[in-house]
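What follows is a single structure, written as structure tokens, with notes after it.
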Amino acid sequence: MCCNSSVAAMILLFSCKRKADEMASIVGYTPKAGIEESVPVWLKIDWNDEVLHNIYRDWATYYSNRRRETFALHYYNKALELNGLDDDTLYRRSQAKRKAAQIEGALQDARAASKMAIERGRPNVAMSQQICDALFELNRMEMSKVEMHNQKRMYTGVKAKTFDMRLIVIEDVIKDATGKACAEFYLKNQKVAKIVNAIIRANELIDERPRWKILKEQGKCDVLSIPEEEEEILSPLEAARRQRAFNIAHQTFLNEAWLDVRFMKNLNKNPNLFLRQCKYSKDFLEMFSRKQYAIVRKFIKMIHSRSPLYLASYLKYANNDLRKKSRSAFLNRVQYQTHRNMNADLKKIKELRQKKDLRALQQYVENIMGEYYVIKTQRVMCWKFEFINEVYNTLALALTEQYYVPKHFKPTSKSMFLLLRLKEDTFKEVRPFVFGDRSTYQDVDVEDQASLKAKQLIARMERRILFADYSIEKCYLYHQIASEHFKQGRHDECCLNARRAMKECKNCNSWIWAFLACILIVKSNTTLYKVERTKEALELGYNIAQKLKNPMPSVVGAIPKAGLDGVIPEWFRLDWPPEILHGIYRDWGTYYFNRRRETFAQYYFNLALQLEPDDYPTLYRRSQAKRKAAEIDGALQDAKVAAKMALDARGPNVLINGLVCDALFELNQFENSMSEMYNNVQIFEGVKVETFKKRLIVLEEIINDITGEALSIFFLKNQKLVGHVSEILRAKEFVDTRPLWKILRDQGKCDVLSIPEVEEVLLSPLEMARRKRAFNVVLQNYLNDAWFDVLFTKNLRTNPNLLLNQCKYSKQFLFDFLNKQYNIVWRFIKMIHTRSPLYFLSFVKFSNRKMLENFREAYLYRVQYQTHRNMLADLKQIRKLREEKKIKALAQYVERVMGDYYVTKTTRVMCWKFEFINEVYNIFALALSEQYYVPKRYRLTPRSMWQLLYLPEDKIKDIVPFVFGDRSTYQEGDPDAVAAKTRKYLGRLELRLRFAKYSIEKCYLYHQLASGHLMRGGHDECCFNARKAIREARSCNNMLWEFLSIILIIKANTMLYKVERTKEALEEALPLTERMQNPVLIKFIDLCLYATEEAYTKKVASISSRMSKVSGGGSVHSN
């Protein structure tokens, strides 16, 4: 609605601008004279009137052909000023006026042009047709018909046939408008038709007497020359009825465009468009919007005259019984919804009363009673009087609860103001007037706005009083009017309306509203310091308060409360039989089904089926709702049950049987669907069979496509794969009924566990990339540009930014919702794939197999070329990082390019794959080995090994004190993000190890695994994986990776202070460095050996001294 309104506003403003430009351009064409400069002499062309007439006519024709009627009419007028007897120009101006919706002017011009042509002895058939068409568009059907008959006599041959065709149309229109539908409408609305005819006759009567005589006979004032026009006041019910009729007429004739027409109607009174500040454009916009709306209204009247609403209703409901049932079902739905709204509103009103929010309560009561329930009749609101009593008495109780004597209250001079909650007299400070200062006018504007709102509210309530049916409603309205007058300082009007409210209270015996009206009189007199009148009003209020011991015994006190919300009042219950409830639920289900709200529709269909389980139409509708919600299995079950019920009740039903066939077809069960269709072809006859025959044509074409030549080529090309897949499918179809332990025993597996471990299917990176590519290809083939949305939905199911662990309630709901929607889309894709498989698309796209192979080779060459360029670029980047000695960045870069990109490349597109892998991993190994060297002027210390091997220092974590309620105390999961990242990284490396082909790649992977375990404190795992790396390095004769793996073992032993094992590892590394003939590494290992020897000597000395002390202590003890 908002979107339509904004678009219509933009169109209207653009049209206004265009019209203004047109007017400006027209004015600019005429030469200016007077004060402004005259046209230069050399620019003037002295054409005669005949030439100017032709120029203006040609320009007008040019603009008329381009639908610029304003320009066209301007130039036609200029041409006719020069030659008013040109019938051709007059006829063209008639056409332009007709296009501009000026039908009366078009009719006059067409008649004048036709008259001129006849006088000259050359009658024109086009002008005669223009007259007939204008009369027809003015809804003068009889005159148009007469004119057509007259014109037809003037012409013969082909010219006369045009009138024959028009006569056929107009006779059909008159026959439709005055046929059986009109007779039924008049019989049904005889009284209304008489009243309308009397009004039309009174309007047509022209009284030629003086105005004062007419007014004198009518008993009105005959002094005023311009009598005051009486405003037509409509009741809220009549206004709602007219608005409903307005919407129905527009919906019937304009379909979805009716909202734009309604928007244009409301735009005529929109203050946001007609701003008072825009003094120049306001009048033009008002004139333009009214003109456009008048054109649209004229068009709607034209359609209505040719096809009245009663004719549309007659054609739609030829069966009166069906019309009555439809109307009764609609009224039952409205009654049911009104009943629900009454329950909700009563609950809301009681909640506001308990909260003591009087302002919100008064606004809520005014909104619902003045806008919604005031337009409801007894037919859809059975307990209207009781509900009105309940609402207004609840509001009165809430208003009386604010008048009480506070505890420890001491009377003062201002006691009355305090007790009645009146504001004390306050005087505003006089501020100096500053010219141009906005704040000078702010207070005045605010007061004016408040006064305007109060006037509008009072006028609305006075209008409601004219049509109020119940005395208690009048009590409320008079009380609210008096209250608004009191707020505005009009105390006489306040007392007058309060007295009226008390008078109405006596009629309905509502003492509580009489007490509130009396309180308003007391307030008004207190404000004016009228002590005597205040005393009289208080005495009257005291007498009324004596009668308020039980203010509403018939309504409020009779409702016992239970639970939280209390029991629904007895008068508020609608005891409908199950048949009516079943019809209501079914209609609500159909209502939501037509608006694509399948969840609500299924809910109401389920309620209806609980009341009548054997109602097969409801079961059929629920099947349709399930089918729209992509629940095809449930839809098939419901359709089969409904078909069986219909067969038992009235015989086979073509719609239900068709739904069974469609559900089987959408479940990709083509053979079952075809057999079902052939059965239905034999059952039904005539037109009903055609639906199944059409379905059979489609189904046979699909089966021919998927089992034709394309399938044969696919099977021949993928024979082994098809055989493997068929074996898997047969194995899944085979059901072994033996006990689980016997099955596991025969398979050689553990038969002790009752729940066997499910083996995880591990895919190689190449296979994962292949499946990902195949997934994208499928989506791109079947969904075109929408494939990326499906891919986004798939990834969204595991997105931690959406499925937050902190959102414990919404996380599971979002997870289930995403999976459900993704499964629906995936089922749809499978459905398309089953009807048109990929091999069939390929066969149709590339019928020439040689061309397909050429395309494939060209694509592979492009990938090979791009891969070669990437290899060169990556090698360059790796060498650059090695030169810059950025070891951490180099390790990350190597892992990313080798683990994500090149691992998915085959030798077809990466010819030098082994050489490239060797180059990358050897450069990385060289970069790692270059960090092990002896610094200049290095001196040995007890921590030399830790410094040389770049080992972290021991750090003791501080003990975090326990704080009750602190979130960090109760952290869920792994608080260490680095450890979680390391575990993920190690899992990635282990997965790559399973599918690594080359030994040097395994060396790298085992080395990185050992390094990762060392970082997280897994020294045994580090040594274990390092030994594996050494074994792989020896198999590929790579001494560098062997050396790096030994270094990791040295690091692990050093961190555990295992001096002997460190020494053994260093001794193992020394001959390796000598074989590599690297003096830097030889010096490094020698220094590490020297430091380890010293540590080993100290350790042996400390152990011997300790043993000597122990042995010496033992000898003394023995002595």
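Per-structure values
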quantity	calculated
Every pair of residues 6+ apart whose Cβ atoms lie under 9 Å, when the first sits in region 920-933 and is surrounded by fewer than 17 Cβ atoms within 10 Å (Cβ to Cβ) and of a type outside the set (A, V, I, L, M) while the second is modelled with pLDDT under 90 and part of a helix (DSSP H, G or I)	E930/V1080; Y933/L948; Y933/V1080; Y933/L1081; Y933/K1083; Y933/F1084
Matching entry among K356, K347, K291, K301 (being out of contact with any helix residue (DSSP H, G or I) (no Cβ under 6 Å at 6 or more places or on another chain), on the phi > 0 side of the Ramachandran plot and modelled with pLDDT of 80 or more)	K356
Residue count, region 198-251 (criterion: surrounded by 12 or more Cβ atoms within 10 Å (Cβ to Cβ) and modelled with pLDDT under 80)	8
From A101, A72, residue being part of a helix (DSSP H, G or I) and either of a type in the set (A, V, I, L, M, F, W, C) or crowded, with 17+ Cβ neighbours inside 10 Å (or both)	A72
Exclusive hit being exposed (fewer than 11 other Cβ atoms within 10 Å of the Cβ), of a type in the set (D, E) and out of contact with any strand residue (DSSP E or B) (no Cβ under 8 Å at 6 or more places or on another chain), set E733, E666, E700	E733
Residue within region 310-320 that is surrounded by fewer than 15 Cβ atoms within 10 Å (Cβ to Cβ) and not in a helix (DSSP H, G or I) present	yes
Residues within region 1025-1042 that are out of contact with any Phe, Trp or Tyr (no Cβ under 9 Å at 6 or more places or on another chain) and in contact (Cβ under 8 Å) with a residue 12 or more places away in the chain, tallied	4
Subset of region 899-912 [surrounded by 18 or more Cβ atoms within 10 Å (Cβ to Cβ), of a type outside the set (S, T, Y) and either free of Cβ contacts under 8 Å to residues at least 60 places away in the same chain or touching a Ser or Thr at 6+ places or on another chain (Cβ under 7 Å) (or both)]	K905, V909, M910
Sole exception among (1) of a type in the set (A, V, I, L, M); (2) surrounded by fewer than 19 Cβ atoms within 10 Å (Cβ to Cβ); (3) closer than 30 Å to L315 by Cα for A134, by number	(2)
Qualifying residue in region 267-284 (condition: loosely packed, with under 12 Cβ neighbours inside 10 Å and acidic (D, E))	yes
Only listed residue being aliphatic (A, V, I, L, M) and outside the structural domain of L659 (by TED's automatic domain parsing), chosen from V689, V735, V698	V735
Filtered residue count, region 1083-1119, keeping only those that are within 19 Å of Y1057 (Cα to Cα), at pLDDT 80 or above and aromatic (F, W, Y)	1
Test: residue in region 798-809 that is in a helix (DSSP H, G or I) and either touching a strand residue (DSSP E or B) at 6+ places or on another chain (Cβ under 6 Å) or surrounded by 11 or more Cβ atoms within 10 Å (Cβ to Cβ) (or both)	no
Region 263-309: number of residues that are under 26 Å from F136 (Cα atoms) and not in a helix (DSSP H, G or I)	2
Unmet criterion (only one of (1) without any contact (Cβ under 8 Å) to a residue 12 or more places away in the chain; (2) crowded, with 19+ Cβ neighbours inside 10 Å) for M165	(2)
Exclusive hit being assigned to a helix (DSSP H, G or I) and either in the same structural domain as F828 (by TED's automatic domain parsing) or out of contact with any Phe, Trp or Tyr (no Cβ under 8 Å at 6 or more places or on another chain) (or both), set L607, L647	L647
Of residues in region 1013-1029 being surrounded by fewer than 21 Cβ atoms within 10 Å (Cβ to Cβ) and in contact with a Ser or Thr (Cβ under 9 Å, 6 or more places away or on another chain), the one farthest from Y985 (Cα to Cα)	R1027
Residue within region 179-192 that is of a type in the set (K, R), over 56 Å from the mean Cα position of the chain (by Cα) and either at pLDDT below 80 or assigned to a helix (DSSP H, G or I) (or both) present	no
Count of region 993-1007 residues which are within 21 Å of N922 (Cβ to Cβ), in contact (Cβ under 8 Å) with a residue 24 or more places away in the chain and surrounded by fewer than 21 Cβ atoms within 10 Å (Cβ to Cβ)	2
Residue among V531, V567 that is of a type in the set (A, V, I, L, M, F, W, C), over 51 Å from the mean Cα position of the chain (by Cα), at pLDDT below 85 and surrounded by fewer than 16 Cβ atoms within 10 Å (Cβ to Cβ)	V531
Residue in region 758-778 that is outside the structural domain of L696 (by TED's automatic domain parsing), in contact (Cβ under 8 Å) with a residue 24 or more places away in the chain and farther than 30 Å from R994 by Cβ present	no
Any hit, region 847-858, residues being more than 25 Å from the chain's Cα centre (by Cα), under 29 Å from V698 (Cβ atoms) and either of a type in the set (V, I, T) or not in a helix (DSSP H, G or I) (or both)	yes
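The values are calculated or read from the model by the stated rules, or taken from the named source; none is laboratory data. Everything quoted here is computed from the prediction, not taken from an experiment. A quick note on method: Cβ atoms are made from the backbone with ideal geometry, for glycine too, and the neighbour counts reach across all protein chains shown.
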